[in-house]
């Protein structure tokens, strides 16, 4: 959200919303285009930052709700937005958007506003639990329960969320919003990079450095680190990555064409990664 706000200009608003585990937290949204369009970050209301390390596990993976994201969308509509851009990614949830939809309906629905979900992955709704559940603390049994719950919920929606590219983003929130409100799903990485004119900036650079908490096969499914690395490869610009954890196989490394992949979780490690990358410039 901050990146888009800096690129496009606008102002910020805020609301008190429900975090993934039901606690009240402050969260913000941005208003651009004279207030007609709002930007909402799923991570701001329903993200991992609200879940302490000791709280993570199968029980939390099952209980975590997107209710706060729905409350934030409703607050943006209350502020006058006719279009709400929902930035999916970084969620701690796999509820198929059930919590968000319930919160929106409790606030009177969208009242004519349109939703555009900027998806960070290409995974469809029905694969959200299998692909992302383990990342969110779910064990095999909980993954199966999450998948069954999402499938049952998806069948109750006015439109089918199944098979829609990107519908699995934010634990199925994207597909849920599509099924409930006809939300348009767009590749979020491409949207953001195009808004920043990233291709032109990249061609003028000596190298590109991408960052991600965990670099893995899902990075190739539409996440911004993977998208930027692939664009750099296509432009002939060397790309490097600084990540919290690297879990890519040799084939995936070849696709991304990353010259250096450095794991770093502390400031000294980040500085060391920078020094390592500098040797390749």
* Asked: Just checking, which of 199, 194 is more than 16 Å from the chain's Cα centre (by Cα), at pLDDT below 90 and over 15 Å from residue 100 (Cβ atoms)?
  -> 194
* Residues located in region 206-231, provided they are more than 28 Å from residue 167 (Cβ to Cβ) and surrounded by 14 or more Cβ atoms within 10 Å (Cβ to Cβ) -> 207, 208, 209
* Go over the candidates 76, 81, 38, 61 one by one and state the one that is part of a helix (DSSP H, G or I), farther than 19 Å from residue 172 by Cα and modelled with pLDDT of 95 or more. => 76
* To do: Test each condition in (1) in contact with a helix residue (DSSP H, G or I) (Cβ under 7 Å, 6 or more places away or on another chain); (2) surrounded by fewer than 16 Cβ atoms within 10 Å (Cβ to Cβ) for residue 155 and report the one that comes out false.
  => (1)
* Could you list all residues from region 48-80 that are surrounded by 18 or more Cβ atoms within 10 Å (Cβ to Cβ) and out of contact with any helix residue (DSSP H, G or I) (no Cβ under 9 Å at 6 or more places or on another chain)? => 75, 76
* **Within region 100-135, considering residues that are in contact with a strand residue (DSSP E or B) (Cβ under 8 Å, 6 or more places away or on another chain) and assigned to a helix (DSSP H, G or I), the one surrounded by the fewest Cβ atoms within 10 Å (Cβ to Cβ)** => 135
* Residue list for region 1-25, restricted to those being farther than 16 Å from residue 50 by Cβ and either in a strand (DSSP E or B) or modelled with pLDDT of 85 or more (or both) -> 11, 12, 13
* Residue tally, condition in contact (Cβ under 8 Å) with a residue 40 or more places away in the chain and farther than 20 Å from residue 85 by Cα, over region 178-209 -> 3
* Structure fact -> Here the qualifying pairs (Cβ atoms under 9 Å; residues six or more apart or on different chains; first in region 134-154 and outside the structural domain of residue 99 (by TED's automatic domain parsing); second at pLDDT below 95) come out as none
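The values are calculated or read from the model by the stated rules, or taken from the named source; none is laboratory data. These numbers were taken from a predicted model, which means no experiment stands behind them. Please note: Cβ atoms are built from the backbone with ideal geometry, for glycine as well, and neighbour counts cover all protein chains shown.
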